[in-house]
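Notes follow the structure.
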Amino acid sequence: TQGVEGDFRVLVTEDLEVYGSFAYLDFEFDSFELAGCAFGVTPTNPATGTCSLTGQTTSLAPEWSANLGLNYSREINSALNIDANLHLDYMDDYFLSYDLDKNRVQESYVMVSAVIGIGSTSGNWRVSLIGDNLTDKRVSYRSDGLPLAGALTQGTGNAYSGFYARPRNYTLKFEYRL
């Protein structure tokens with residue numbers, strides 16, 4: 001396994017900051033001979049009914065990932081501040097299951113989120129409008145085979161369950177500090 005990571009943060013002006021990071025991951029198992037097999041895959045070790053993942057990647061390990069964002073903050077007058085943030089997250093495609101089932105792969109994506117807020121310069125209160133997953137990407141974080149699916153279909157099919165990111169959503173947030 002090898003990789004590299006980097007990040008930066010630059011104050012472009014007194015009001016504007018740009019930040020980001022990236023990661024490259026080159027992962028492969030040196031030796032993994034007794035892994036579970038994906039549905040429909042013939043075991044490479046028939047005696048144990050297992051598959052070899054030697055030389056393969058692992059689940060939830062994208063080769064590339066990155067993020068980029070902008071923070072803007074400015075005093076409107078002696079009583080009010082306005083601030084905004086735009087944030088992008090990139091993730092390369094990755095397997096969703098430990099057995100590297102080719103039916104359970106999350107394709108690469110970019111997720112976008114944004115915040116705009118206004119508040120007192122004293123920090124006593126703030127109102128923010130927050131938008132997450134603004135491009136409404138369907139992103140899965142994990143997927144597993146359902147245990148009885150193969151038995152119910154007499155070995156001819158499978159079914160999967162998964163955990164997904166929330167779809168596009170908005171939040172109006174009110175903060176007040178005593």
For the stretch 78-87, Karplus-derived ³J(HN,Hα) couplings (6.51, -1.76, 1.60; θ = phi - 60°; whole Hz; x for glycine and proline) come out as 5, 10, 10, 10, 10, 9, 8, 9, 10, 9
The stretch 77-178, convex hull of Cα, quarter of hull surface, nm² -> 9.5 nm²
Just for the Cα atoms in the stretch 1-99, what are the lengths along the principal axes, largest first, rounded to whole Å? 76, 24, 15
Calculate the all-directions average of the projected area of the chain's alpha-carbon convex hull, and give it in nm². 14.4 nm²
What does the accessible area per residue of the chain come to in Å², with a 1.4 Å probe and no ligands, DNA or RNA counted? 64 Å²
For the stretch 47-115, which semi-axes, largest first and in whole Å, follow from the square roots of 5 times the eigenvalues of its Cα gyration tensor? 44, 9, 9
Under 5 Å between amide hydrogens, which residues at least 5 positions from residue 139 or on another chain qualify, with H placed 1.01 Å from N in the peptide plane? 165
Residue by residue through the stretch 92-106, which ³J(HN,Hα) values in whole Hz follow from phi under the Karplus form 6.51 cos²θ - 1.76 cosθ + 1.60 (θ = phi - 60°), with glycine and proline marked x? 5, 5, 7, 6, 9, 9, 4, 8, 6, 5, 5, 7, 10, 10, 8
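The values are calculated or read from the model by the stated rules, or taken from the named source; none is laboratory data. These numbers were taken from a predicted model, which means no experiment stands behind them. Please note that ligands, DNA and RNA were not included when accessible areas were found on the heavy atoms of the full protein model with its side chains. Shrake-Rupley method; radii C 1.70, N 1.55, O 1.52, S 1.80 Å.
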